[in-house]
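What follows is one structure encoded as structure tokens, with my remarks underneath.
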Amino acid sequence: MIIVKIGGGAEINLKNIVMDLAELDEQFIIVHGANALRDQIAHDLNKPKKVVTSVSGYASVFSDETALDIMMMAYAGLRNKRLVELCQQHGINAVGLSGLDGKMIQGQRNKGIRIKEDGKLKIVRDFSGKPRSVNVGLLNLLLKNDYTPVLSVPIIDENNYAINSENDDIINVIQESLKADKIIQLIEAPGFLDDKDNPDSLVSKMTKDEIKRREEQVEGRMKRKMLALSNLFDKGATTVIICDGRAEHPIKNGLAGKGTIIQ
């Protein structure tokens with residue numbers, strides 16, 4: 001079993017990712033993003049996103065009701081269904097679901113995010129939260145009948161409301177349930193870079209023990225991603241491959257060791 005996390009950047013090569021996946025001999029599930037598409041829709045609607053940074057330095061998108069609606073359009077709507085369409089065109093019998101559908105991904109809404117704004121400490125509350133569990137019965141029902149799940153936010157909270165959540169955290173709860181052999185993360189970079197501005201600074205191999213040290217070197221959303229990676233190994237991951245989702249053969253390259261392999 002492979003969990004494939006497809007980033008939401010504008011340059012991600014969705015068609016070739018799907019073409020590579022169609023040639024795999026093992027089962028996989030897809031969890032995808034759509035951040036570039038969300039930002040474009042938000043711009044077109046004149047409702048730009050707002051990013052907040054917690055006092056501990058972790059950045060996230062502020063999800064009020066308007067932002068949540070736009071996120072649903074981009075993630076669970078346009079990107080999810082176009083990705084399912086691509087899968088069907090290449091012989092993958094995909095089923096696209098958000099975390100809401102069948103309570104596929106259940107979470108807990110944040111009680112508040114402590115931020116510093118204009119020099120003052122504030123607590124802001126929105127429609128976001130942490131995933132806590134997966135509907136394993138529904139997931140296994142699909143997999144045992146040869147359907148490929150294609151999953152996206154929103155997820156569902158403890159009061160049955162839609163909430164936004166981080167895909168990295170969603171991968172963690174899925175891994176806890178499925179114990180996948182590999183997790184492939186497709187991004188808009190050759191892999192993990194020692195210097196984010198230098199594409200030649202690829203770190204080809206990393207141990208799970210290095211992750212915490214690397215987390216201290218980065219800021220913003222990358223800091224959150226490194227924390228999620230660390231948690232992923234706590235959930236039983238043995239191999240995580242971070243590779244270039246823009247390449248001609250993104251999946252094949254990753255499985256051949258072109259990217260960052262964390263073990």
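Values as computed for the structure displayed
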| read-out | value |
| --- | --- |
| Inter-residue pairs, beta-carbon under 6 Å, first more than 17 Å from Leu100 (Cβ to Cβ) and basic (Lys, Arg) and in region 118-129, second modelled with pLDDT of 90 or more and surrounded by 12 or more Cβ atoms within 10 Å (Cβ to Cβ), 6+ apart | none |
| Filter result for Val203 (in contact with a Phe, Trp or Tyr (Cβ under 6 Å, 6 or more places away or on another chain) and either aliphatic (A, V, I, L, M) or at positive phi (or both)) | yes |
| Test for Ile70: is it touching a Pro at 6+ places or on another chain (Cβ under 6 Å) and in a helix (DSSP H, G or I) | no |
| Count of residues meeting criterion [among the acidic types (Asp, Glu) and within 15 Å of the chain's Cα centre (by Cα)] in region 222-257 | 1 |
| In region 198-252, the residues that are small (Gly, Ala, Ser) and assigned to a loop (DSSP other than H, G, I, E, B) | Ser201, Ser204, Gly236, Ala237, Gly245, Ala247 |
| Pick from region 165-179, criterion within 15 Å of Ala228 (Cβ to Cβ) and outside any helix (DSSP H, G or I), ranking: modelled with the lowest pLDDT | Glu166 |
| Which numbered condition Gly9 misses (of (1) outside any loop (DSSP other than H, G, I, E, B); (2) within 30 Å of Asp146 (Cα to Cα)) | (1) |
| Matching residues, region 177-213, being surrounded by 19 or more Cβ atoms within 10 Å (Cβ to Cβ) and not hydrophobic (A, V, I, L, M, F, W, C) | Gln185, Pro190, Gly191 |
| Some residue of region 25-36 being part of a loop (DSSP other than H, G, I, E, B), out of contact with any helix residue (DSSP H, G or I) (no Cβ under 7 Å at 6 or more places or on another chain) and at negative phi | yes |
| Residues of region 253-263 that turn out to be of a type in the set (S, T, N, Q) and either closer than 19 Å to Gly33 by Cβ or in a helix (DSSP H, G or I) (or both), as a count | 2 |
| Conditions (1) of a type outside the set (Val, Ile, Thr); (2) surrounded by 14 or more Cβ atoms within 10 Å (Cβ to Cβ); (3) farther than 25 Å from Ala34 by Cα: number failed by Leu121 | (2) |
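The values are calculated or read from the model by the stated rules, or taken from the named source; none is laboratory data. Given the structure is predicted, the values throughout are model-derived calculations rather than measurements. Reconstructed Cβ throughout: ideal geometry from the backbone, glycine too, with neighbour counts over all protein chains shown.
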